[in-house]
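Asks: Have a look at the structure that comes next, please.
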Amino acid sequence: PPPCCAARYDKRMQQRALGSSGLSISTIGLGTWAIGGWMWGGQDDADSIAAIHAAVDRGVNWIDTAPIYGSGHSEAMVGKALAALPASRRPLVFTKFGLGDSSDVNTRAASRANVIAECDASLRRLGVDRIDLYQLHWPAPEPIAETAAACDELVRAGKIRAIGVSNFSVAQLDEWRATGVPLHSLQTPYSILRPAPRTELLPWCVRHGVGVIAYSPLFRGLLFGTWTKDKTFPAGDARGAHKDYSGPRFQRHLQAVEELRAIGATSGLNPAQVSVGVLLHTPGTTGCIVGARNARQGAAIADLDVTVTDAQVDAVWQVISRLQHDLESL
């Protein structure tokens, strides 16, 4: 195998069933938004491939991408990384549809024709015969029944293995369920700083056997616990213009991170591990997507596969309750 695959390969990460898909996924998956070089500042392609290989070396067995991440560039980088791995070592590949490869996020389409065309384009960029999980990126104006039927057609054609949706509400999940087409996963923004999914979405998914993939579980890096009060972002990084990452709100978030550090210290966990551990502790959560931009970061995401105690979970939610109260006045 390539040098990236020889020394640190570790299969001991926890794995969970992704709904009724038949797929078993590591609790942590690699997110590839940043390596597309879109909205996160510039990115070196060699670093991107190294990040993917390092994550796989540590036992991460799935990669999440999308055509819109750099107008297809992220998918192309995933394809190059896969091509360098022996077939026995290749991770599962999850990608999306409904936004195409346009940088205009307001262009949403999931008609049968678009679903089929986008799938074929993704297969070419990824260099694979079949996509393991194909996800509607955002709710689209087409009837859900048409979109669901197109996905079912792709399953029957052998082009995809499982079907997922992203950013859906409970009402939209109910509408999909009414079509009779199996739904295997929901991808939703979920972190301890954005805890809403645990009240309705996760219970719905538990009731109906749908897996849940949390995206932005570290709140776009804030919960890694490595930022300081003078943190800045490079040109092209959209976080620099968001109020949560500057000014008084940012400073209050950093205070909460230090409280998380104290909670994890007794068991040797850092703020990121505590933050992800709480999500994985929540009934219904199957896995968390964590991004990486280089080999060091790619290897490190496997370390987020941890177990936290009930006492730590309770302490974290107390921190978040105080934080939310304070943010209301900022």
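Asks: Can you pull the percent of Cα pairs in the range 204-330 with separation above 19 Å?
Replies: Working: 4266 of 8001 pairs.
The answer is 53 percent, as a whole percent.
Asks: While we're looking at this one, here's another question. Measuring from centroid to centroid over Cα atoms, what is the spacing of the range 176-214 and the range 59-77 in Å?
Replies: If you average the Cα positions of each part, the centres end up 22 Å apart.
Asks: Here's a follow-up. Given a 10 angstrom Cα cut-off, can you work out which residue in ALA241, ALA145, ALA110 is the most mobile in a GNM of the chain?
Replies: Among ALA241, ALA145, ALA110, the largest mean-square fluctuation in the Gaussian network model of the chain belongs to ALA241.
Asks: Let me ask something else about it. Can you send over the solvent-accessible area of GLU258, 1.4 Å probe, protein chains only, in Å² to the nearest 10?
Replies: Surface open to solvent at GLU258 totals about 100 Å².
Asks: For VAL206 and ASP310 in one chain, what is 0.36 nm times their gap in residues minus the Cα-Cα distance, to one decimal in nm? Don't skip to the end; give the middle numbers.
Replies: Working: separation 104, 0.36 × 104 = 37.44 nm, distance 2.00 nm.
So the extension gain works out to 35.4 nm.
Asks: Could you tell me how many cubic angstrom of Cα convex hull volume the range 30-185 has per residue?
Replies: 105
Asks: Next question. In Å³ and rounded to a whole number, note down the convex hull volume per residue for the Cα atoms of the chain. Numbers along the way, then the final one.
Replies: Values: hull volume 42.8 nm³, N = 330.
Cα convex hull per residue, to the nearest whole number: 130 Å³.
Asks: Which value, in Å², gives the accessible area per residue of the chain when a 1.4 Å probe is used on the protein heavy atoms?
Replies: Working: 13670 Å² over 330 residues.
In whole numbers, the chain has 41 Å² accessible per residue.
Asks: Based on the Cα gyration tensor of the range 181-274, what are the three equivalent ellipsoid semi-axes, each the root of five times an eigenvalue, rounded to whole Å and given largest first?
Replies: Values: eigenvalues 165, 66, 23 Å².
In descending order the semi-axes read 29, 18, 11 Å.
Asks: Please give the helix 112-126 orientation as an angle from the longest Cα principal axis of the chain, in degrees from 0 to 90, rounded to the nearest 10.
Replies: 70
Asks: Which three semi-axes in whole Å describe the equivalent ellipsoid of the range 47-87, each the square root of 5 times a Cα gyration tensor eigenvalue, listed largest first?
Replies: Working: eigenvalues 64, 21, 16 Å².
Equivalent-ellipsoid dimensions as semi-axes: 18, 10, 9 Å.
Asks: Applying 1/(1 + (r/R0)^6) with R0 = 35 Å to the Cβ-Cβ distance of THR226 and ARG124, what FRET efficiency is obtained, to the nearest 0.05? Intermediate values should be presented prior to the final figure.
Replies: Details: r = 37 Å, r/R0 = 1.07.
So, using R0 = 35 Å, E works out to roughly 0.40.
Asks: Ok, one more. ALA113 to ALA238: extension gain in nm, 0.36 nm per residue of separation minus the Cα-Cα distance? Walk me through the numbers on the way to the answer.
Replies: Values: separation 125, 0.36 × 125 = 45.00 nm, distance 3.22 nm.
Extra length from ALA113 to ALA238 when fully extended: 41.8 nm.
The values are calculated or read from the model by the stated rules, or taken from the named source; none is laboratory data. Here the structure is a predicted model, which is why all the values come from computation and not from measurement. Cβ: placed from backbone, ideal geometry, glycine included. Neighbour counts: every protein chain shown. Ligands, DNA and RNA are stripped out before the accessible areas are found, and what is left, the full protein with its side chains, is counted by its heavy atoms. Shrake-Rupley method; radii C 1.70, N 1.55, O 1.52, S 1.80 Å.
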